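Remarks on the structure that follows.
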Amino acid sequence: MKRRLNIMLYVCAVLMSGEVFANDAAKSEGTVPMQMISEGDSVPPNAVSDEQRVKNEKLYRQRCGACHALDSNRIGPRHRDIYGQKAGSVSGFNYSEALQNLDVIWTDVTLDEWLKNPTAFAKGTSMGFRLRKASERKAVIQYLKSLSRYSE
């Protein structure tokens, strides 16, 4: 009986933290989408091992580091705390009109689509670099997520 209850709680938590919940939260003005954590969870659902985080950081530096830094704007905007934020909202960065007008919150889904093909995601953006491999996009998103005070 206890096992069934735990399974039901897990399924409810997954459903509540899914795309529908994130989209509804993102649409509420002034609200940042947050991930639901079931009572008793000792590890956040988006946690990764130290080894995986090091690999993700290395990949981030290789793929993104030429234009982006975590804590300062460069050719591209700084990336710390970008996850969970509105696109085009990093202060002090001169965004293209395409990003300024984009009404999107950076989540797993939106970042994946952005990194897959930025120019298709926001026509007129100045970012042309793509991460073609889904595994690399996932790793970079996990890394950005780990550096954010927000989570889905």
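Bear in mind that the values in this text are calculations on the coordinates, not laboratory data. Just so it is clear, the structure is predicted and the values come from calculations on it, not from any experiment.
Under 1.5 on a/c is rounded, so check that first for region 104-152, then, if it is not, pick prolate when a/b is larger than b/c and oblate when it is not; a ≥ b ≥ c are the square roots of the alpha carbon gyration tensor eigenvalues. Oblate, because a/c is 1.5 or more while a/b does not exceed b/c. Classify region 45-146: rounded, prolate or oblate, from the alpha-carbon gyration tensor (a ≥ b ≥ c, eigenvalue square roots; a/c under 1.5 rounded; otherwise prolate if a/b is larger than b/c)? Taking the square roots of the gyration eigenvalues as a ≥ b ≥ c, region 45-146 is prolate.
Strictly over 23 Å apart at the Cα level, which of Lys55/Lys123; Lys86/Lys116; Lys86/Lys145; Lys86/Lys123 would you flag in this model? The answer is Lys55/Lys123.
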